[in-house]
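Have a look at the structure below, then the notes.
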Amino acid sequence: MSAVHYESYTQARAHLKDLLDAADEGRGATVRRNSGRAAVVDVERLRRHLSLGCPSKAEVVAEAAGWSVFLPGLPLAADGGTFDEAMEEMVQALREYAKDWQDRLRTAPNHEENWGLVQLIALSDDAELRDWLVGAAR
């Protein structure tokens with residue numbers, strides 16, 4: 001089967017099953033709306049692709065009072081008494097960053113390119129984000 005492309009959301013709505021089937025199978029699936037076009041993709045495929053294309057590069061430092069985690073180039077840092085606590089804090093910091101990005105940072109010149117990271121955060125559960133931070137494949 002080939003990709004599916006619909007020239008309006010009315011047309012896509014009439015063929016919603018075909019659109020979702022194409023996305024589920026990894027085929028191209030798009031919908032035109034006004035002058036723009038949107039892609040419909042399977043969440044797990046997109047999440048996996050984003051995690052590979054956007055490695056965390058997290059730096060973890062053991063300190064006398066516990067552990068610190070930070071992501072170079074991002075205003076994110078977390079710490080905890082144990083490695084696991086520090087990772088849990090970093091997952092929460094990522095969630096807060098994604099919310100802030102959606103609310104106000106998406107148009108800031110030094111944050112607008114973080115769209116992929118924000119999508120990865122939104123599409124991942126806490127365990128997947130922790131695995132991404134430590135570089136564990138799922």
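The values are calculated or read from the model by the stated rules, or taken from the named source; none is laboratory data. What you are looking at is a predicted structure, and each value in this text was computed from that prediction instead of being measured. We place every Cβ from the backbone using ideal geometry, glycine too, and count neighbours over all the protein chains shown. Quick note on the areas: whole protein, heavy atoms, side chains included, nothing else; ligands and nucleic acids left out. Shrake-Rupley method; radii C 1.70, N 1.55, O 1.52, S 1.80 Å.
Picking from ALA127, ALA39, ALA58, which is most flexible by a Gaussian network model of the chain using Cα springs under 10 Å? Looking only at ALA127, ALA39, ALA58, the largest GNM fluctuation is found for ALA39. Overall size of the range 13-86 from C-alpha positions, given as principal axis extents largest first: 61, 25, 18 Å. In the chain, with Lys and Arg counted as +1 and Asp and Glu as -1 at Cβ, which of these residues, GLY80, ALA3, TRP115, has the Cα nearest the positive end of the dipole, that is, farthest along it? Result: ALA3. Ligands, DNA and RNA left out, the accessible area of the chain computed with a 1.4 Å probe is 51% carbon and sulfur. Roughly how far apart, in whole Å, are the Cα centres of the range 23-61 and the range 71-138? Between the Cα centre of the range 23-61 and that of the range 71-138, the gap is 17 Å.
Pairs of Cα atoms under 8 Å, at least six residues apart: use those to get the relative contact order of the chain, whole percent.
17 percent
Between HIS15 and GLU63, the modelled labels are 5.6 nm apart [label points 7 Å from Cα along Cα→Cβ].
Give me Rg/Rg_expected for the chain, where Rg uses Cα atoms only and Rg_expected = 2.2 N^0.38 Å with N residues.
1.29
About its Cα centre, the dipole of the chain is roughly 860 debye, where the only charges are +1 on Lys and Arg Cβ and -1 on Asp and Glu Cβ.
Solvent-accessible area per residue for the chain at a 1.4 Å probe radius, Å²?
Accessible surface, normalised per residue, equals 63 Å².
Taking amide hydrogens as placed 1.01 Å from N in the peptide plane, the amide H of GLY28 sits under 5 Å from those of ALA3, VAL4, each at least 5 positions away in sequence or on another chain.
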